[in-house]
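Written below as structure tokens is the structure these notes are about.
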Amino acid sequence: MTEHEQSRAAWSPRMSDADANAEASRIIDDVYRPVRQMPTHFHDATPAPVFGDAEPVRQDDHRIVPAWAAGVAVASIGIGAGVTGIGCGAWLVLKGLSSMTITGVLALCAPFIGVAVAVLAIGAAVAKAKAGSSKHVYQGPVTKHTHVSTHTRGTFSRTRNTFHG
């Protein structure tokens with residue numbers, strides 16, 4: 001045996017298995033001993049009478065949440081449910097559109113294109129009807145009379161040309 005093993009054997013006496021188990025049980029019982037608690041509730045097992053002559057007891061209203069806050073909460077739940085429904089509907093429509101072929105898209109758009117072409121044709125017809133049938137045709141010579149007057153005034157020469165036509 002080495003010197004270290006001899007000193008270790010001298011300082012740590014061996015216990016028998018029975019002594020070690022008893023010491024372990026004592027330590028565990030000391031550490032994990034439950035603390036006795038006082039009861040915090042009582043359950044009365046006596047059945048309540050089915051009917052009786054006792055007067056009703058007034059129970060005051062002690063709400064924690066103000067009425068306006070409860071209203072806002074209910075409204076927000078309703079709005080959230082509505083938006084969720086709209087989102088689900090949009091998802092279904094877009095899911096259906098994403099599975100369509102180009103032929104299906106053209107078939108789906110054809111009525112809208114037809115309505116747009118009809119609206120454009122009606123608009124063009126109304127615009128032509130409003131324009132009238134007369135055309136302005138000018139015959140003869142056109143003369144334009146222009147007269148320019150120049151004014152220069154002041155120490156620093158500034159010229160203003162005024163066009164009269």
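If the chain linking residue 119 and residue 53 were pulled fully straight, counting 0.36 nm for each residue of separation and taking away their Cα-Cα distance, it would gain 15.7 nm.
Stretching the chain fully between residue 88 and residue 38 yields a gain of 12.6 nm (0.36 nm per residue, less the alpha carbon separation). Per residue, the accessible area of region 40-124 comes to 92 Å² when a 1.4 Å probe rolls over the protein heavy atoms. Each Lys and Arg contributes +1 and each Asp and Glu -1, all at the Cβ; summed about the Cα centre of region 18-77, the dipole is approximately 200 debye. P(r) for region 83-130, from all Cα pairs and a bin width of 5 Å, is 5, 18, 13, 13, 13, 12, 10, 8, 6, 2, 0 %, short bins first.
The values are calculated or read from the model by the stated rules, or taken from the named source; none is laboratory data. In this text, all values refer to a predicted model and were calculated from it rather than measured experimentally. No Cβ is skipped: glycine too gets one built from the backbone with ideal geometry, and neighbour counts run over all protein chains shown. Accessible surface is based on the protein model in full, side chains and every heavy atom, while ligands, DNA and RNA are left aside. Shrake-Rupley method; radii C 1.70, N 1.55, O 1.52, S 1.80 Å.
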